1. Ranking LYS156, LYS219, LYS316, LYS252 by Cβ neighbours within 10 Å, fewest first, what do you get?
2. For the residues ARG280, ARG25, what sequence is obtained by ranking on other C-beta atoms within 10 Å, fewest first?
3. Can you give me the Cα centroid spacing of segment 70-103 and segment 126-154 in angstrom?
4. Kindly identify segment 233-337 as rounded, prolate or oblate by the Cα gyration tensor criterion: order the square roots of the eigenvalues as a ≥ b ≥ c, call it rounded if a/c is under 1.5, otherwise compare a/b with b/c, prolate if a/b is larger, else oblate.
5. Does a label point 7 Å from the Cα of GLU45, set along Cα-to-beta-carbon, have any residues of segment 275-292 with amide nitrogen under 15 Å, and which are they?
6. To make sure I understand, if each residue's beta carbon is the centre and we count other beta carbons within 10 Å, what order do THR123, THR260 fall in, fewest to most?
7. What does the convex hull of the alpha-carbon atoms of the chain project to on average, in nm²?
8. Choose one answer from ARG193, ARG323, ARG73: the residue with the largest mean-square fluctuation in a GNM of the chain with alpha-carbon springs under 10 Å.
Amino acid sequence: MEDRFGHHISYLRVSITDRCNERCRYCMPQEEQEWLPRDDVLSYEEILRVIRVGVGMGISKVRITGGEPLTRRNVIWFFEELGKIEGINDIGISTNATLLAKPANEGESLTVADCLVRAGVRTANISLDTLDRETYAHNAGRDYYDLAIAGIDAAKKAGFEAVKINAVLMRGQNEHELWDLVEFARERELLLRFIELMPVSSKEMLTDANFLPTAEAKKILEYRLGALKPLPEFKTNGPASYFEVPDSGGQKIGFIGAMTNFHFCDTCNKLRLTCDGKLRPCLGSHLEFDMRDVLRDPEMTDDDVAKFFLNVVDRKPEQHEFRDNYEPGRKMIAIGG
Ligand code: SAM
Ligand code: SF4
């Protein structure tokens with residue numbers, strides 16, 4: 001699938017729930033978040049159908065996200081079914097890691113992370129913005145730091161092909177810890193990426209007081225680590241720019257600068273499916289199209305679902321609107337990051 005601007009679409013990011021066991025300030029409003037009624041959420045069978053059709057249309061990479069995907073019931077079964085779909089060459093999960101170290105079933109020695117690897121999940125993208133327990137609890141709204149670290153260790157042990165850490169940059173929260181995060185990632189052989197804060201929760205989150213641009217984060221790191229060497233050839237299927245840390249045995253770190261990188265959207269290859277069945281051509285646009293109606297109409301065939309994909313790809317904007325005084329609509333937790 002190719003859009004009007006030459007973006008080749010091969011990546012589907014699928015949210016399976018808008019619920020979460022954490023309450024990150026940048027992802028959801030701090031006042032009461034209304035969860036979607038259960039009937040509005042696509043069943044696993046409906047989601048698998050969309051993915052199957054998508055794969056027939058050229059989707060080769062699928063990442064499961066949320067909310068927190070591991071809070072949804074029977075999620076291991078879902079991943080096992082996903083792993084059976086032919087034609088996907090990369091299955092990933094985005095998670096806060098707090099449930100990865102848990103036994104998959106009571107009294108069993110396999111962890112949730114082990115079961116995901118067995119089901120064919122290759123990469124785990126884990127959110128970790130800080131190594132300070134108090135800052136973690138402040139940002140995530142839950143005192144789950146130890147669970148997250150245990151989850152990261154369980155992910156490493158389970159043998160994912162890659163475990164990546166996503167750290168959202170927040171001035172006044174973690175700018176004094178950037179070196180520590182780099183060291184943490186080096187010690188555990190994790191691929192660390194620093195992400196600029198985007199206006200996807202409430203507009204107030206994205207103030208000058210909170211926002212830390214990737215260029216500044218890079219400068220802070222270089223102050224102690226020395227010049228980071230650009231790695232323009234190193235890519236991981238997304239918009240991150242990678243650099244090598246000097247005298248580190250080849251450690252790579254990435255920067256994802258949606259707000260300040262004007263070429264951010266040039267290589268976009270992604271569509272998003274929300275858990276209530278909206279197909280979104282771009283994270284930073286309010287455009288979304290209701291696929292659930294098609295999926296739940298007995299008259300509609302897989303060909304109709306395929307046509308729906310093509311129509312949405314055709315509406316994909318050239319670039320996101322975050323820099324245009326963007327007012328968040330649907331929150332990140334209900335889109336799927
Ligand atoms: N619960 C999982 C997790 O935390 O990784 C998956 C869903 S979460 C919405 C996916 C990613 O979105 C996380 O890495 C999180 O840091 C990122 N994210 C959420 N809100 C963000 C924001 N306002 N700006 C940048 N990244 C954000
Ligand atoms: Fe939950 Fe992930 Fe959003 Fe945090 S970033 S509230 S862990 S969905």
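1. Details: LYS156 16, LYS219 11, LYS316 23, LYS252 19.
So the residues, fewest neighbours to most, are LYS219, LYS156, LYS252, LYS316.
2. Details: ARG280 23, ARG25 19.
Ascending number of Cβ neighbours within 10 Å: ARG25, ARG280.
3. 21 Å
4. Working: a/c = 2.61, a/b = 1.98, b/c = 1.32.
Verdict is prolate for segment 233-337.
5. Label zone hits: none.
6. On the way: THR123 20, THR260 14.
Fewest-to-most ranking of THR123, THR260: THR260, THR123.
7. Working: hull surface 66.0 nm².
Across all orientations, the chain yields a mean hull projection of 16.5 nm².
8. Most flexible of the set in this elastic network: ARG73.
Rule-based calculations on the coordinates, nothing more; no lab input. Since we're looking at a predicted model, the values are computed, not measured. Note: ideal-geometry Cβ built from the backbone for every residue, glycine included; neighbour counts use all protein chains shown.
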